[in-house]
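Contents: one structure, followed by commentary.
What follows draws every value from the coordinates through simple rules; no lab data is involved. Note that the structure is predicted; figures quoted are calculated from it, not measured. Methodologically, a virtual Cβ is constructed for each residue, glycine included, from the backbone with ideal geometry; neighbour enumeration extends over all protein chains shown.
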Amino acid sequence: MTQADKLNDFLNGPGAVACVRLTRVRGSSPRATGTEMFVRDSTLWGTIGGGQLEHMAIAAARDLLALGNLSEHLDIPLGPEIGQCCGGRVEVSITRMSRSDKEHAYGEALRSDDARPAVYILGSGHVGRALADLLQHMPVRTVLIDQRLEELEQCHAGVERRQSAIPEIDVMNAPAGSAFIVLTHDHGLDFLLASAALERNDAAYVGLIGSKTKRAKFNSWCKEHCDGLSIAPLICPIGAGGSRDKRPAVIAAQVVAEVITALTSETAAIPQLRGTVSHIAAQ
């Protein structure tokens with residue numbers, strides 16, 4: 001089930017729903033103008049930044065629902081008055097959602113789902129599966145690829161799993177701005193896939209598992225087999241956060257941080273994650 005479908009189920013459950021939206025932000029604020037969350041009498045979807053700001057907005061939304069009101073406007077300073085230190089000021093609109101409002105929110109969520117950047121995990125070994133476990137919670141489309149069905153079947157994360165005899169084709173057909181994490185069971189296949197990703201010249205991230213020695217060997221291989229393809233954009237070793245811990249889950253956490261940073265940076269190949277992806281935020 002997609003995030004849009006989950007949101008649709010939330011919006012169309014029993015009882016009324018309020019939309020809480022940041023309509024104006026001045027100075028520093030935990031979220032940007034346009035950020036939304038949805039509030040029921042006992043459950044929530046999304047976030048406008050947490051802290052006292054969100055606590056006050058939720059309370060106001062539930063009061064609105066309980067009283068049967070249609071809308072309310074809040075103007076909240078983010079300073080000592082409410083126990084926050086952002087220093088800015090936000091205006092918040094709270095509205096009881098109509099059927100058309102819910103349909104519009106669902107449509108926006110569908111567009112957000114469709115616009116998610118793709119992350120290709122090339123190799124379903126221990127680290128590949130650990131990456132899938134973490135990336136399933138990120139606002140990205142994750143595709144786990146391996147030639148070996150038995151390895152794919154060990155992954156239970158909510159991501160797309162794809163058995164591929166020629167994974168180079170999957171790399172070639174990926175959308176622009178994708179991220180590629182190469183960690184197969186074979187160094188020769190690693191080199192083929194990493195070079196295919198680099199040759200696209202439109203990847204947001206290309207990472208290759210291994211050491212500095214492996215990077216040097218890959219560089220020599222590219223000079224011999226890829227017409228001198230530059231490996232300057234390549235991240236290898238991946239997850240080089242300074243930790244000596246080589247457990248798959250730890251490596252995966254460091255790599256996910258790299259990938260999400262690459263996708264959300266100001267120089268990212270595509271901008272989808274840089275803005276507020278409010279409709280697919282975690283509940």
Problem set entry | Computed label-point distance, nm, for sites Ala176 and Ala249 using a 7 Å Cα→Cβ extension | 4.0 nm
Seminar exercise, completed: Longest principal axis of the chain (C-alpha) makes with the long axis of helix 99-115 (C-alpha) an angle, in degrees to the nearest 10, of 20 degrees
Seminar exercise, completed: If every Lys and Arg gets +1 and every Asp and Glu gets -1 at its Cβ, then about the Cα centre the chain yields a dipole, in debye to the nearest 20, of 520 debye
Exercise. On full extension of the chain, what length is gained from His185 through Ala32, given 0.36 nm per residue of separation minus the C-alpha to C-alpha distance?
Worked result: 50.8 nm
Problem set entry | Charge dipole (the chain, unit charges on Cβ, about Cα centre) - positive-most of His156, Ser243, Ser71 | Ser243
For this session: With everything on Cα atoms, drop me the angle between helix 126-135 and the longest principal axis of the chain, reported from 0 to 90° to the nearest 10.
Result: 20 degrees
For this session: Using R₀ = 41 Å, calculate the FRET efficiency as 1/(1 + (r/R₀)^6) where r is the Cβ-Cβ separation of Thr213 and Ala66; round to 0.05.
Result: 0.05
Problem set entry | Exposure proxy order (Cβ contacts within 10 Å, fewest to most) of Lys223, Lys212 | Lys212, Lys223
Seminar exercise, completed: Bridge orientation stat for the chain from DSSP, antiparallel percent rounded to 5, came to 55 percent
Seminar exercise, completed: Counting lysine pairs in the chain that sit 8 or more positions apart or on different chains, with Cα atoms under 18 Å apart, gives 5
Exercise. Using the count of nearby Cβ atoms within 10 Å as a rough guide to exposure, how do Thr47, Thr261, Thr184, Thr33 rank from fewest to most?
Worked result: Thr261, Thr33, Thr47, Thr184
Problem set entry | Crossing angle, helix 187-200 versus the chain [Cα axis fit, 0-90 degrees, rounded to tens] | 60 degrees
